[in-house]
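The values are calculated or read from the model by the stated rules, or taken from the named source; none is laboratory data. All values derive from a computational prediction rather than experimental measurement. Here Cβ is always computed from backbone atoms with ideal geometry, including for glycine, and neighbour counts include all displayed protein chains.
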Amino acid sequence: MRCLPTLLAFGTLVPLAVVADTAQFKPVADTAIFQQEAPNNFGRQNSLPLGTVANQTASGRLLLRFDVSSLPFNAVITNVSLRITVLKQAQTPKAESVEAHRLLQPWGEGTKTGQLGALASAGEADWTDRLKGQAAWAMAGGQAGTDFATAVSTSAGLGGPGNYTFLSTATLVADVQAWLQNPAGNFGWLLLNANESVRSSAKRVASREAAATQQPLLTVSYSVPPPPPPAPQFTQVALKSGLLELGFHAEADYIYTVSFREAVNVGVWQPLTNVVSRFQPADAVVTDPANQTGRFYQVSITGQVD
């Protein structure tokens, strides 16, 4: 006699094929923090200061946040690039490398306008506070390792007016993947000059309040694994000519293993046979001699065909 348990087991799967796509995002929040105007917020200004001014060592830094939660929850991020637009540069310009660092703390975009911003209100970001009246930066302008990640996510050389692209890196991809998996931990990036002691590197960068073609743009390429196949189960059990026949439906290009053991809850499952249905689904039937007693069976997916 043979007994059929309801227990099903599954192996680890690697998807055979994925669906690839690309999505673009505009910032949901951006502002600048500017050492020269330390108490001021720039949350609704259409151009933001970045870099160091000519007559002193005061620097501007950008804060940018993008909401990527509209991507499929199981998306695997494969490529990320960030485009920003320089609108204006210093009169005696110097090209300078700009770094993007993942922000580790929340901050307030604010609502202030003006080339030099305006006094920050409660909850807005400025040079000393990430949330005015509620939380300060660990040090003025933000501290690496506390307010923003020490690691550089990506970098780009910025010169005169025009569009500049920060190219994809493993760290940039990891940032976006982390935001997709944990939206509550998405505080965006901080952009700053790699060498803030270089004077005359100051630029005005378009914000999300600028013209649509000038706004920062995040481009994300991703893949989506196909859905897993249905859980396999026996659909046919029959005794024919001294053989026990076990039937089940097999999806194309998956490896199915039929296993047995002598007791339903005791012992190790022993493989009876493997079944592979190449190219198209099929109804599979496996057999086992019927001259044994007390044997229990299960069918499981144990892999995919390359």
Exercise for the section: Confirm whether residue 115 is surrounded by 14 or more Cβ atoms within 10 Å (Cβ to Cβ) and at pLDDT 85 or above. Expected result: no
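Please tell me if residue 162 is in contact (Cβ under 8 Å) with a residue 24 or more places away in the chain, out of contact with any Phe, Trp or Tyr (no Cβ under 7 Å at 6 or more places or on another chain) and closer than 15 Å to residue 48 by Cα. Write out each step before concluding.
Working: in contact (Cβ under 8 Å) with a residue 24 or more places away in the chain: yes; out of contact with any Phe, Trp or Tyr (no Cβ under 7 Å at 6 or more places or on another chain): yes; closer than 15 Å to residue 48 by Cα: yes.
In short, yes.
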Exercise for the section: Quick one: in region 239-253, of everything that is charged (D, E, K, R) and outside any loop (DSSP other than H, G, I, E, B), which residue is surrounded by the fewest Cβ atoms within 10 Å (Cβ to Cβ)? Expected result: 240
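When you scan region 118-134, how many residues do you find that are polar (S, T, N, Q) and either touching a residue at least 24 places away in the same chain (Cβ under 8 Å) or surrounded by 19 or more Cβ atoms within 10 Å (Cβ to Cβ) (or both)? Break it down stepwise before answering.
Quick first cut of region 118-134, residues polar (S, T, N, Q) only: 121, 128, 134.
Of the ones still in play, those that are also either touching a residue at least 24 places away in the same chain (Cβ under 8 Å) or surrounded by 19 or more Cβ atoms within 10 Å (Cβ to Cβ) (or both) are 121, 128.
The number of residues fulfilling the criteria is 2.
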Completion exercise
If we ask which residues in region 257-306 are in a loop (DSSP other than H, G, I, E, B) and within 40 Å of the chain's Cα centre (by Cα), their number turns out to be 9
Practice task
Go over the candidates 210, 282, 263 one by one and state the one that is closer than 30 Å to residue 81 by Cβ and out of contact with any helix residue (DSSP H, G or I) (no Cβ under 9 Å at 6 or more places or on another chain).
Solution key: 210
Practice task
Look at residue 85 and say whether it is closer than 22 Å to residue 199 by Cα and either surrounded by fewer than 20 Cβ atoms within 10 Å (Cβ to Cβ) or among the β-branched types (Val, Ile, Thr) (or both).
Solution key: yes
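Name every residue in region 115-131 that is out of contact with any Lys or Arg (no Cβ under 9 Å at 6 or more places or on another chain) and small (Gly, Ala, Ser), in order of residue number.
Within region 115-131, 117 is the sole residue that qualifies.
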